[in-house]
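The values are calculated or read from the model by the stated rules, or taken from the named source; none is laboratory data. These numbers come from a predicted model, not from an experiment. Cβ sites come from the backbone with ideal geometry, for glycine too, and all protein chains shown count toward neighbours.
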Amino acid sequence: MAVVIWLAAAFLLGVIEACTTALVSVWLALGAVAAAIAAGIGIETTGQTVVFLVVSLILLLCTAPICKHFRQTQKIPTNADMLIGKIGVIIEDTDPILGKGEVKVCGQTWSVQVRGGKNIKAGTKVKVEDIAGAHLVVSEIDSAELKESEDN
């Protein structure tokens, strides 16, 4: 009976793994298979549990760094990255709740997200902080910051 329980656990963990892309339960599923084998050769419940934990831990420790290497995504720079740090002008009032607002930077019009989720009126100068998808993430600048950027 223990073999069936461990195989059912392995199957369930395999289904969970198939539903994710994060490699969260593959090691546990393989540990459950090892525990099922241990149950099949007559090892008692405590031993099966130890086999499950040890095999899962060893697999996790040995393969996690390899999997992490393949999962790492690199940010691919684009020409839009040149806009970070630039000063722009809000040309359409922003509304974070409705997802509205546009900014003009270097002659280009972009959808905008305001850092801190504030509303900013058209005509306000802002600094580009980041890019999130097809939106420029901006923050409102004060007059001292504006003077400093104009001096550079």
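Tabulated values for the structure
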item: Cβ pairs under 9 Å, 6+ apart, first in the range 26-53 and more than 13 Å from Ala10 (Cα to Cα), second hydroxyl-bearing (Ser, Thr, Tyr); result: Ala39/Thr45
item: Hey, Leu13 closer than 20 Å to Ile66 by Cβ, touching a helix residue (DSSP H, G or I) at 6+ places or on another chain (Cβ under 8 Å) and in the same structural domain as Leu60 (by TED's automatic domain parsing) or not; result: yes
item: Close pairs (6 angstrom Cβ cut-off, 6 or more residues apart or separate chains): outside the structural domain of Ala122 (by TED's automatic domain parsing) in the range 91-102, exposed (fewer than 13 other Cβ atoms within 10 Å of the Cβ) and of a type in the set (Lys, Arg) anywhere; result: none
item: Pair list, Cβ under 7 Å, 6 or more apart: the range 61-85 residue within 30 Å of Gly107 (Cα to Cα) and in the same structural domain as Ser25 (by TED's automatic domain parsing), other residue loosely packed, with under 10 Cβ neighbours inside 10 Å and at pLDDT 75 or above; result: none
item: Top-ranked residue of the range 38-84 - restricted to ones that are of a type in the set (Gly, Ala, Ser) and modelled with pLDDT under 90, ranked as nearest to Lys125 (Cα to Cα); result: Ala80
